[in-house]
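Each remark here refers to the structure printed beneath this line.
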Amino acid sequence: YGVYNRSQQQLTYASAGHPPAILISGDRPSIEVQKLKTPGMPVGMFPEAMYLDESCQIQDLSSLYIFSDGVYEILQPDGTVWGLDPFINLLSENNGTDDSLDEILNFVKHLNSGEIFDDDFSLLKVAF
């Protein structure tokens, strides 16, 4: 989950077995990329599971990306999986453009060799 305090420009977040959210701040060439993740099992897996939250400051003009693993777990023709790190690089390269989500979707569709993905595809961008 995530809760944003606008007056303090602070985001409090927790993870529950999903990929880390990616926070991108700053302008080129000094872009800062943060993986926002806390320890946590998937919700409902263990009834007694405890979840920790953390907080971070949000700079003006930052972007927060929240996504499912189907966005980056793309099987390549050579049998390898594309992966999270190349996806984060794609986010940072396209951050700051008005149509960044369309560009990312088009790139991943091309990488996937088609319109139909093997897994769910969820991608959300929050612009601050």
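Quick check on this structure: which one of Tyr51, Tyr65 is of a type in the set (Ser, Thr, Tyr), modelled with pLDDT under 90 and closer than 25 Å to Asn5 by Cα?
Tyr51
When you check Gly44 against the structure, is it farther than 28 Å from Arg6 by Cβ and either surrounded by 11 or more Cβ atoms within 10 Å (Cβ to Cβ) or out of contact with any His (no Cβ under 9 Å at 6 or more places or on another chain) (or both), yes or no?
Spelling it out, Gly44 is indeed farther than 28 Å from Arg6 by Cβ and either surrounded by 11 or more Cβ atoms within 10 Å (Cβ to Cβ) or out of contact with any His (no Cβ under 9 Å at 6 or more places or on another chain) (or both).
Give the residues of the range 43-85 that are in a helix (DSSP H, G or I) and of a type outside the set (Gly, Ala, Ser), sorted by residue number.
Asp69, Val71, Leu84, Asp85
Kindly provide the set of residues from the range 1-25 that are within 17 Å of Ser63 (Cβ to Cβ) and surrounded by 15 or more Cβ atoms within 10 Å (Cβ to Cβ), ordered by number.
Leu11, Tyr13, Pro19, Pro20, Ala21, Ile22, Leu23, Ile24, Ser25
Of the residues Glu48, Glu103, only one is in contact with a helix residue (DSSP H, G or I) (Cβ under 6 Å, 6 or more places away or on another chain) and farther than 17 Å from Ala21 by Cβ; which?
Only one candidate qualifies: Glu103.
Please identify the pairs in which a residue from the range 94-118 that is farther than 13 Å from Trp82 by Cβ and surrounded by 14 or more Cβ atoms within 10 Å (Cβ to Cβ) has its Cβ atom under 6 Å from the Cβ atom of a residue that is modelled with pLDDT of 90 or more and of a type outside the set (Lys, Arg), counting only partners at least 6 apart or on another chain.
Asn94/Glu103; Asn94/Ile104; Asn95/Ile24; Asn95/Ser63
Do we find a residue being at pLDDT 90 or above and either over 19 Å from Ser15 (Cα atoms) or among the basic types (Lys, Arg) (or both) anywhere in the range 119-127?
yes
The values are calculated or read from the model by the stated rules, or taken from the named source; none is laboratory data. Just so you know, these numbers come straight off a predicted model, no measurement behind them. For neighbour counting, all protein chains shown are included, and Cβ atoms are generated from backbone atoms with ideal geometry for every residue, glycine included.
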